[in-house]
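K.L.:
Below are the structure tokens for one structure; questions will follow.
The values are calculated or read from the model by the stated rules, or taken from the named source; none is laboratory data. Bear in mind that the values here come from a model prediction, so they are computed numbers and not experimental data. Cβ sites come from the backbone with ideal geometry, for glycine too, and all protein chains shown count toward neighbours.
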């Protein structure tokens, strides 16, 4: 890093920030139950941010530009990139904003049970868990990829920031297959920042079951309105609406009306109230700001607004960084008890939530239909289309919990009055 700092100074860069990241990974690739390849990777690169200050018509302006450099590059190559970045920054000017107060810290080890296990054994532990769950007679794991990574990050800035941290995580993808009635494959991704073996086993078991059920599913849903259950990795996607609305980058341009004290669910809440904590994904964000757990929503009321350094400065709020991970308490109803007079969508061809208006939509690949007595039917095809702003007064969160890399909270939520497109 000292080399980059010397090069920045030689190019006349007075205001800068460097994020250096090394990633060491252990990777397993399986075809069915056979280990096809084990690979060790070690990579290192740095993101250098340079700032340019100007005054236009008596108004202070500040621009920034980023470059990615590698240790293998020559000094001349890096100097050219820095000079080009300084030039680009001079044309990407915004109203002036102060950089966060400098942070200095010894290396922080992210809290995780992954740190308590020999790094070389973590991938095998997840692989063993996957194939322990791979015991269905009709569906099976077609392929599995597991990546265990250790990130070592060091950040320094011209204002005096000097922080570093180490973090481990597990991610990958799985394809399951069933050839019973139709030849069906299901693709799932996974990501954990803890030793979430039980969550991973549940994912494998459910994916195998869903693949088999999709092979037999024929019926489309009836067009109309129904209560809908959303679960698993779709939960953080659904809740991302609230995180976006509580971020200064949405509030400053007035895309969001969130402010401290606002009751986002309104007064007539009949279901579960929203209680969300901002959870740090890393000890420091990419701007060198220390990230700590903070209250976001308490019984639906905004307690904290987060955001990047620029938009936070414009709003006049503390520069605490942006949060993309939430922690929520368990609900009061079990998932099994939710399964009455509703559609439980377990697999979407696509699912997305709009950060602008809270609308959500998805194409159904597999769902379970439940009548008033809880009798189950298999559904495929059709779509769901709803609005969180309409559903949020009647949220029903599950007792069951899950622990993902970007979400800790209820496994599922039941939403009332969702539009169903079908036959």
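K.L.:
Can you find a residue in region 106-113 that is part of a strand (DSSP E or B) and either surrounded by 16 or more Cβ atoms within 10 Å (Cβ to Cβ) or touching a strand residue (DSSP E or B) at 6+ places or on another chain (Cβ under 9 Å) (or both)?
P.N.:
Looking only at region 106-113, we keep the residues that are part of a strand (DSSP E or B), and these are 108-109.
If we keep only those that are either surrounded by 16 or more Cβ atoms within 10 Å (Cβ to Cβ) or touching a strand residue (DSSP E or B) at 6+ places or on another chain (Cβ under 9 Å) (or both) as well, we get 108-109.
Within region 106-113 (the criterion being part of a strand (DSSP E or B) and either surrounded by 16 or more Cβ atoms within 10 Å (Cβ to Cβ) or touching a strand residue (DSSP E or B) at 6+ places or on another chain (Cβ under 9 Å) (or both)), the answer is yes, since at least one residue qualifies.
K.L.:
Only one residue in 231, 226, 256 is without any contact (Cβ under 8 Å) to a residue 60 or more places away in the chain and either buried (at least 18 other Cβ atoms within 10 Å of the Cβ) or outside the structural domain of residue 416 (by TED's automatic domain parsing) (or both), so which one is that?
P.N.:
One residue alone meets the criteria, 256.
K.L.:
Take region 68-86 and flag every residue that is surrounded by 14 or more Cβ atoms within 10 Å (Cβ to Cβ), assigned to a helix (DSSP H, G or I) and in contact with a helix residue (DSSP H, G or I) (Cβ under 7 Å, 6 or more places away or on another chain).
P.N.:
If the condition is that a residue be surrounded by 14 or more Cβ atoms within 10 Å (Cβ to Cβ), assigned to a helix (DSSP H, G or I) and in contact with a helix residue (DSSP H, G or I) (Cβ under 7 Å, 6 or more places away or on another chain), then 78, 79, 82 are the ones that fit.
K.L.:
Could you say whether any residue in region 283-291 is under 27 Å from residue 416 (Cβ atoms) and within 23 Å of the chain's Cα centre (by Cα)? Step through it out loud before you land on a result.
P.N.:
Filtering region 283-291 for residues under 27 Å from residue 416 (Cβ atoms) gives none.
Scanning region 283-291, I find no residue that is under 27 Å from residue 416 (Cβ atoms) and within 23 Å of the chain's Cα centre (by Cα), so the answer is no.
K.L.:
Moving on to the next point. Would you say residue 86 is more than 30 Å from residue 174 (Cα to Cα) and at pLDDT 95 or above? Outline the logic, then answer.
P.N.:
Details: more than 30 Å from residue 174 (Cα to Cα): yes; at pLDDT 95 or above: yes.
Criteria met by residue 86.
K.L.:
Exactly one of (1) surrounded by fewer than 13 Cβ atoms within 10 Å (Cβ to Cβ); (2) modelled with pLDDT of 95 or more; (3) farther than 26 Å from residue 166 by Cβ is unmet by residue 118. Its number?
P.N.:
In the conditions (1) surrounded by fewer than 13 Cβ atoms within 10 Å (Cβ to Cβ); (2) modelled with pLDDT of 95 or more; (3) farther than 26 Å from residue 166 by Cβ, residue 118 misses (3) alone.
K.L.:
Further, regarding this structure: Check every one of the helices (runs of 4 or more DSSP H) wholly within region 159-262 and list those with 1 or more residues that are modelled with pLDDT of 95 or more and out of contact with any helix residue (DSSP H, G or I) (no Cβ under 9 Å at 6 or more places or on another chain). Can you show your working first?
P.N.:
Values: elements: 197-216, 234-245, 248-251.
In region 159-262, 197-216, 234-245 are the helices (runs of 4 or more DSSP H) which contain 1 or more residues that are modelled with pLDDT of 95 or more and out of contact with any helix residue (DSSP H, G or I) (no Cβ under 9 Å at 6 or more places or on another chain).
K.L.:
Also, quick follow-up: Sort out which residues of region 242-253 are surrounded by fewer than 21 Cβ atoms within 10 Å (Cβ to Cβ) and either touching a strand residue (DSSP E or B) at 6+ places or on another chain (Cβ under 7 Å) or within 19 Å of residue 335 (Cα to Cα) (or both), and write them in order of number.
P.N.:
249
K.L.:
Residue check: is residue 200 crowded, with 18+ Cβ neighbours inside 10 Å, under 20 Å from the mean Cα position of the chain (by Cα) and closer than 22 Å to residue 344 by Cα?
P.N.:
Values: crowded, with 18+ Cβ neighbours inside 10 Å: yes; under 20 Å from the mean Cα position of the chain (by Cα): yes; closer than 22 Å to residue 344 by Cα: yes.
Yes.
K.L.:
Within region 50-65, does at least one residue satisfy the condition of being in contact with a strand residue (DSSP E or B) (Cβ under 9 Å, 6 or more places away or on another chain), surrounded by 14 or more Cβ atoms within 10 Å (Cβ to Cβ) and more than 20 Å from residue 310 (Cβ to Cβ)?
P.N.:
No.
K.L.:
Would you call residue 179 surrounded by fewer than 16 Cβ atoms within 10 Å (Cβ to Cβ), outside the structural domain of residue 371 (by TED's automatic domain parsing) and closer than 20 Å to residue 378 by Cβ?
P.N.:
Numbers: surrounded by fewer than 16 Cβ atoms within 10 Å (Cβ to Cβ): yes; outside the structural domain of residue 371 (by TED's automatic domain parsing): yes; closer than 20 Å to residue 378 by Cβ: yes.
Yes, satisfied.
Yes or no, residue by residue, for (1) out of contact with any strand residue (DSSP E or B) (no Cβ under 7 Å at 6 or more places or on another chain); (2) closer than 30 Å to residue 285 by Cβ:
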{"site": "340", "(1), (2)": "no, no"}
{"site": "353", "(1), (2)": "no, yes"}
{"site": "356", "(1), (2)": "yes, yes"}
{"site": "371", "(1), (2)": "yes, no"}
{"site": "379", "(1), (2)": "no, no"}
{"site": "395", "(1), (2)": "no, yes"}
{"site": "404", "(1), (2)": "no, yes"}
{"site": "414", "(1), (2)": "no, no"}
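K.L.:
Counting residues that are more than 21 Å from the chain's Cα centre (by Cα) and in contact (Cβ under 8 Å) with a residue 40 or more places away in the chain, which helices (runs of 4 or more DSSP H) fully inside region 307-415 reach at least 1?
P.N.:
Details: elements: 309-315, 335-338, 388-391.
Because the criterion is at least 1 residues that are more than 21 Å from the chain's Cα centre (by Cα) and in contact (Cβ under 8 Å) with a residue 40 or more places away in the chain, the helices (runs of 4 or more DSSP H) in region 307-415 that meet it are 309-315, 335-338.
K.L.:
Could you please find all residues in region 116-163 being under 21 Å from the mean Cα position of the chain (by Cα) and over 26 Å from residue 210 (Cβ atoms)?
P.N.:
The answer is 149, 150, 151, 152, 153.
K.L.:
Read through the list (1) surrounded by fewer than 22 Cβ atoms within 10 Å (Cβ to Cβ); (2) closer than 30 Å to residue 418 by Cβ; (3) in contact with a strand residue (DSSP E or B) (Cβ under 8 Å, 6 or more places away or on another chain), then give the number of the only condition that residue 315 fails.
P.N.:
In the conditions (1) surrounded by fewer than 22 Cβ atoms within 10 Å (Cβ to Cβ); (2) closer than 30 Å to residue 418 by Cβ; (3) in contact with a strand residue (DSSP E or B) (Cβ under 8 Å, 6 or more places away or on another chain), residue 315 misses (2) alone.
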